[in-house]
Amino acid sequence: MQHVQEDLQVRWLKLRIWLKEKFGIKPDMNGILLLIGVQELGQGPQDFSKEQKQDLMHIAICTILSVSGYYALEGNDSDGWPHFKQLKALPEGNMIEQENFLKDHVLLYFSNLNV
């Protein structure tokens, strides 16, 4: 199990380095989720309010977890923001386990983009 854990951390670090090369910053989990949310919203970079940034992170989480069947896209509202339906409960775990669960799905998201 330790080997799998190390591999995840190495892949995570490589992703953060790639994002630093692309955007000039080495984002943490929240920053990466914000990037994914902006990408999925598809309206380009803009100044978002604090509430909108939270919504973007929610979009990102729903998007990355949809590949594992936790969420499904219901559609977009009149402003073009996607809305999701939760299909099953998220796995329980301590904070580290939950963060690794998200990291794994973020990495899968980026690998599916062929970056």
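The values are calculated or read from the model by the stated rules, or taken from the named source; none is laboratory data. All figures in this text were calculated on a predicted structure; none of them were measured in a lab. Positions of Cβ are backbone-derived with ideal geometry, glycine not excepted, and every protein chain shown enters the neighbour counts.
Of note:
- Within segment 94-115, if we keep just the residues that are assigned to a helix (DSSP H, G or I) and among the polar types (S, T, N, Q), the residue that is nearest to D28 (Cα to Cα) turns out to be N100.
- Within segment 50-79, residues that are on the phi > 0 side of the Ramachandran plot sit with their Cβ atoms under 9 Å from residues that are assigned to a strand (DSSP E or B) and surrounded by 11 or more Cβ atoms within 10 Å (Cβ to Cβ), at 6+ positions apart or across chains, in these pairs: G75/P82; G75/H83.
- Condition check for G42: modelled with pLDDT under 95, of a type in the set (G, A, S) and either surrounded by 10 or more Cβ atoms within 10 Å (Cβ to Cβ) or under 15 Å from the mean Cα position of the chain (by Cα) (or both): yes
- Hits in segment 15-39 (condition: over 16 Å from the mean Cα position of the chain (by Cα) and part of a helix (DSSP H, G or I)): I17, K20, E21, K22, F23
- Per-region count, segment 87-115, residues touching a residue at least 24 places away in the same chain (Cβ under 8 Å) and not acidic (D, E): 12
- Residue in segment 70-93 that is assigned to a strand (DSSP E or B) and of a type in the set (G, A, S) present: yes
- Odd one out for K53 among (1) outside any helix (DSSP H, G or I); (2) more than 28 Å from V10 (Cβ to Cβ): (1)
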